[in-house]
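The block underneath contains the structure these notes are about, expressed in structure tokens.
The values are calculated or read from the model by the stated rules, or taken from the named source; none is laboratory data. Treat the numbers as computed from the prediction; the structure is a model and nothing was measured. Backbone-built Cβ (ideal geometry, glycine too); neighbour counts: all protein chains shown. SASA here: full protein model, heavy atoms, side chains in, ligands and nucleic acids out. Shrake-Rupley method; radii C 1.70, N 1.55, O 1.52, S 1.80 Å.
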Amino acid sequence: MRSAEDEQSEEPSQGDHGHTMVYSTSDRISEPLREPDHRRGTARLRYEGKTAVLRSGGGVIGRSRECDVVLSDQNVSRRHAEVRPSGGKWTVKDLGSTNGVLLNGHRVEESQVTDGSEIRLGNTVIIIRITPQSTPDHSEGS
């Protein structure tokens, strides 16, 4: 049996009553922040007759209303995939979906996408159009 003095001298652990625990379900939060990269521009996703524009933060695609791009396809998981910039390029990543991610007809876990790439989630085809951002002008006037 522990005495009250022993209990007071121990440091509280994260699971102790009355202490706040913080959870993160986002893999992208765990990646280090990078400086903005002018080469990545924006990505436009064309799907189901709609267009979604993803900027520097990228976006999650799935059936959940909490996703950045919401699909109505019942073969798509609630949080199916993520399209996001990485360095000067864009990538697609499977977020543990049931039916996987096909990129240009090949199943991928995570892969680089290029302008015109076809991403298939369930029965939904998404065409990605990447628009490079204009390069900053570093020339000096004459």
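May I ask you to verify whether residue 42 is open to solvent by less than 80 Å² (accessible area, probe 1.4 Å), modelled with pLDDT under 95 and not aliphatic (A, V, I, L, M)? Answer is yes for this residue.
Restricting the stretch 78-116 to residues that are open to solvent by less than 20 Å² (accessible area, probe 1.4 Å) and outside any strand (DSSP E or B), the residue that is nearest to residue 57 (Cα to Cα) is 80. For residue 74, the criteria (1) assigned to a strand (DSSP E or B); (2) open to solvent by 50 Å² or more (accessible area, probe 1.4 Å); (3) free of Cβ contacts under 8 Å to residues at least 60 places away in the same chain hold in every case but one, which is (1).
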